[in-house]
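K.L.:
Quick one: structure below, then a few questions.
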Amino acid sequence: MSVIRLLVLSAVRQHGRAHGYQVRNDLEFWGAHEWSNAKPGSIYHALKQMAKQGLLYAHEIAPSTAGGPPRTEYEITEKGAKEYFAMVRESLTSYDQKPDALSAALGSMVDLDREEVVELLEERVRGIQEWRKAVTEYYTPEEGPAQLGHIGEIMNFWVHSADSGAEWTRGLIARIKGGAYTFAGEGEPFVGVLAEGEKNPYGTGQPHPGDAS
């Protein structure tokens, strides 16, 4: 799954319509440039590619007063929304993806119903438990990883990572069941994007050539 596609669709959907620099600003505001491949070039490439694929609709607006080319604003299509929700669900459920996929989905989980998110996360925990049971039966000696030499630390690392991931997920489930956050259909959603012209305290503030294309 392409994490950058999920992130871009999420930002565009929250705005309604957004140009490339807005999307880039939002992803930097979320810190996505630190934990994913959300770099300027990949953001603008994703916008253009998804427009070609019918996931986004590209609107050309008036040229800049400085005489530059028309700026493009993007809007998510019905096809794009369907793919967006499918990616959110997959990333919340699948335990065997890179952390950036889960991170991207966490930023979008409130677009789903609370009950569904709990079910998806519980499925994630079950997947972790099944994986752990399978690998420990074959790859983790009773005497500990040292029996396999330093190679045993590989599986030791993954088992501990799975355990911590399951523990964290259970904590999130408990917080959601306890009423944390505003999910779809529950009222005014949390605004997670920057308004037009709003300064991003975490961004570079530098435009990119793709901003006007």
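K.L.:
Just to confirm the filter: which trypsin sites (Lys or Arg not before Pro) across region 1-48 are DSSP coil and have at most 15 other Cβ within 10 angstrom of their Cβ?
P.N.:
Those that pass, being in a loop and sparsely packed, are 17.
K.L.:
For residue 157 and residue 17, what does the FRET efficiency come to when R0 = 35 Å and r is the distance between their Cβ atoms, rounded to the nearest 0.05? Don't jump to the answer; show the numbers that get you there.
P.N.:
Working: r = 44 Å, r/R0 = 1.27.
E(calc), rounded to 0.05, equals 0.20.
K.L.:
Here's another thing I want to ask about it. How much length, in nm to one decimal, is gained on full extension between residue 37 and residue 115, taken as 0.36 nm per residue of separation minus their Cα-Cα distance?
P.N.:
25.0 nm
K.L.:
Okay, next question. On full extension of the chain, what length is gained from residue 150 through residue 45, given 0.36 nm per residue of separation minus the C-alpha to C-alpha distance?
P.N.:
Length gained between residue 150 and residue 45: 33.6 nm.
K.L.:
Follow-up. Would you mind checking region 17-52 for residues with the amide N under 20 Å from a putative spin-label position 7 Å along Cα→C-beta of residue 199?
P.N.:
21-31
K.L.:
How much length is gained if the chain between residue 2 and residue 180 is pulled fully straight, taking 0.36 nm per residue apart and subtracting their Cα-Cα distance, in nm to one decimal? Numbers along the way, then the final one.
P.N.:
On the way: separation 178, 0.36 × 178 = 64.08 nm, distance 2.81 nm.
Computed gain between residue 2 and residue 180 is 61.3 nm.
K.L.:
Another one. I'm a student and want to see the number: the projected area of the Cα convex hull of region 32-112, averaged over all directions, in nm². Each step should come with its number before you reach the end.
P.N.:
Working: hull surface 26.8 nm².
The orientation-averaged projected area of the Cα hull of region 32-112 comes to 6.7 nm².
K.L.:
For residue 133, list the lysines whose Cα falls under 24 Å from its own Cα; do not include residues on the same chain fewer than 8 positions away.
P.N.:
Within the straight-line cut-off, residue 133 pairs with 98.
K.L.:
What is the sum of charges, Lys and Arg at +1 and Asp and Glu at -1, for the other residues whose Cβ falls under 10 Å from the Cβ of residue 3?
P.N.:
Numbers: positive: 5, 98; negative: 100.
So the environment of residue 3 carries a net charge of +1.
K.L.:
If you place +1 on the Cβ of every Lys and Arg and -1 on the Cβ of every Asp and Glu, how big does the dipole about the Cα centre of region 1-122 come out, in debye to the nearest 20?
P.N.:
Using Cβ point charges on Lys, Arg, Asp and Glu, region 1-122 gives about 620 debye.
K.L.:
Among the aspartates and glutamates, which fall within straight-line cross-link reach of residue 199, defined as a Cα-Cα distance under 20 Å, with same-chain neighbours fewer than 8 residues apart omitted?
P.N.:
Of all the aspartates and glutamates, those that pass the test against residue 199 - Cα under 20 Å, at least 8 places apart if same chain - are 26, 28, 34, 73, 211.
Taken together, the values in this text are just the output of simple stated rules run on the coordinates, not laboratory data. What you see is a predicted model; the values in this text were computed from it and never measured. Here the Cβ is made from the backbone with ideal geometry for all residues, glycine too, and neighbour counts use every protein chain on show.
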